[in-house]
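The values are calculated or read from the model by the stated rules, or taken from the named source; none is laboratory data. Here the structure is a predicted model, which is why all the values come from computation and not from measurement. As a convention, Cβ positions derive from the backbone with ideal geometry for all residues, glycine included, and neighbour counts pool all protein chains shown. Keep in mind that these areas ignore ligands, DNA and RNA; they rest on the heavy atoms of the full protein, side chains included. Shrake-Rupley method; radii C 1.70, N 1.55, O 1.52, S 1.80 Å.
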Amino acid sequence: MFGTLSDRLTATFKNLRGKGRLSETDVNKAIRDIRLALLDADVALPVVKRFTSRVRERALGAEVSQALNPAQQVVKIVNEELISILGGETRQIRFAKQPPTVIMLAGLQGSGKTTFAGKLGRWLKDKGHTPLLVAADLQRPNAVTQLEVTGERAGVPVFAPERGNMGGHDAVLDSGEGTRSFGDPVAVSRAGVAEAQARQHDVVIIDTAGRLAVDTNLMQQAADIRAAVQPDEVLFVIDAMIGQAAVETAQAFHDGVAFTGVVLSKLDGDARGGAALSVTEITGEPIMFASIGEKVTDIEVFHPDRMASRILD
Ligand code: GDP
C-alpha cells in the first residue's frame, strides 16, 4: 500500500533538499510532481487540486522563504496537509450513554463488511465489551451463515433470523438445505437490538446487505434499517483497492445512509491508496478503522498522523 506514492514523494523531497533556498520555480516543480504522484495513486481529482493548492499557497509563503531549511519546511507542510485530508484527529467510536450502542455497517458487496463485523466484535470484546452481531444481510443465502462462521471465529455471538420467525415476504430465499428462510432486514435489525437489550449486550453490530454496484433498493433498505434502529454509528466499509470509483461510491452511501465514519478494508493489499486519501475529503467523515487482512485480529484504529508518516517515511 502506498509504495509507489511514497517512493515518488521521497524522490521529490530529495530533489528539493539538494537546492538550499527554494525559488518559485522549484516549488512549482515539486508541486507538479506531487500532483502527478497523487493522481497516479488514484486520488480523486478534486482532492488532488485542493491538496496541491493548499501546499502551494503555504510553500510560497513566509513559513518557507524565511525557514533555515526550506526543503524540510515543505516536507512538514505536505505532512500536515496529508494529515488534514486524512481527517486530522483520530476519531473514536461514540458509545451511547444508554447501552446498547448500535453500530450499523454499510457498503458494497465484497467490500469486507462481514469480515469487519467479526473483527470489530472481537476488538470490542477484547476491550471488555459484550457485543452482539446481527445478520441483517438477507439478500444472499450464504451471508447469514458467513456471519455465523465469522462470529464463531471471533468468539462473538450472532443474532440471525431463524426459519419462519421473522415473517418476511419481500426477500424470501432458501439456502437449498431447507434450513433457513429469510425475512425482513428491518425487522431482524430491530429484533437484534431488542435481543441485545434483553441479554445485556452493550454493543450491537448490524451487518447489512451489499450489492456489486450502488443500487437504489439496497440504499433504501439500508436507510430503512437506519431509521428503524437509530444507530449511534453508521460505518461505511470501503475496499481500499476501489480506485477512482471511491468518490462516486462514497458519495452515494453518504447521501443514502448518512454514514458517520469510514472503514478502509484490504489495506494490506497493494492498492495505490487513492480511496484512503479521497474519502474523508469528499464526504467530510473520518476514517475510523483499517482492516488489514483476513484474520479476525487484522484490525487497526486509523490514525491520520501515523498514516501520513507511513506515506512520507
Ligand atoms: P462483504 O460482502 O462486504 O460482507 O465482504 P466480505 O467480508 O465477505 O469480504 C469479501 C472478501 O474480502 C472475503 O474473501 C474476505 O476474506 C476478504 N477480505 C475482507 N477484509 C479483508 C482485508 O482486510 N484484507 C484482505 N486481504 N481480505 C479481506
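Odds and ends about this structure:
- When the stretch 228-274 is filtered for residues that are of a type in the set (Gly, Ala, Ser) and more than 27 Å from residue 123 (Cβ to Cβ), the ones remaining, listed by number, are 243, 245, 252.
- Qualifying residue in the stretch 246-269 (condition: on the phi > 0 side of the Ramachandran plot, open to solvent by 20 Å² or more (accessible area, probe 1.4 Å) and within 12 Å of the ligand (Cβ to nearest atom)): yes
- Taking the stretch 254-291 as the range and being of a type outside the set (Ser, Thr, Tyr) and assigned to a helix (DSSP H, G or I) as the test, the residues that pass are 254, 255, 256, 257, 274, 275, 276, 277, 279, 281, 282.
- Residue 251 fulfils the conditions (1) of a type in the set (S, T, N, Q); (2) under 17 Å from the mean Cα position of the chain (by Cα); (3) outside any helix (DSSP H, G or I) except for a single criterion, (3).
- Number of positions in the stretch 111-132 that are more than 12 Å from the ligand (Cβ to nearest atom), in contact (Cβ under 8 Å) with a residue 60 or more places away in the chain and either assigned to a helix (DSSP H, G or I) or open to solvent by less than 40 Å² (accessible area, probe 1.4 Å) (or both): 6
- Cβ pairs under 8 Å, 6+ apart, first in the stretch 236-249 and under 16 Å from residue 267 (Cα atoms), second open to solvent by 40 Å² or more (accessible area, probe 1.4 Å) and within 15 Å of the ligand (Cβ to nearest atom): 239/110; 239/266; 240/1; 240/266; 241/266
- Flag if residue 57 is closer than 14 Å to residue 312 by Cβ and among the acidic types (Asp, Glu): no
- Per the listing 41, 67, the residue uniquely closer than 23 Å to residue 286 by Cβ and either open to solvent by 60 Å² or more (accessible area, probe 1.4 Å) or not hydroxyl-bearing (Ser, Thr, Tyr) (or both) is 41.
- For the residues 228, 223, the requirement of being under 29 Å from residue 194 (Cβ atoms), part of a helix (DSSP H, G or I), touching a Lys or Arg at 6+ places or on another chain (Cβ under 6 Å) and open to solvent by 10 Å² or more (accessible area, probe 1.4 Å) singles out 228.
- Any pair with Cβ under 8 angstrom, 6 or more apart, that starts in the stretch 293-313 at a residue that is in a loop (DSSP other than H, G, I, E, B) and ends at one that is among the acidic types (Asp, Glu) and surrounded by fewer than 17 Cβ atoms within 10 Å (Cβ to Cβ): 293/268; 298/268
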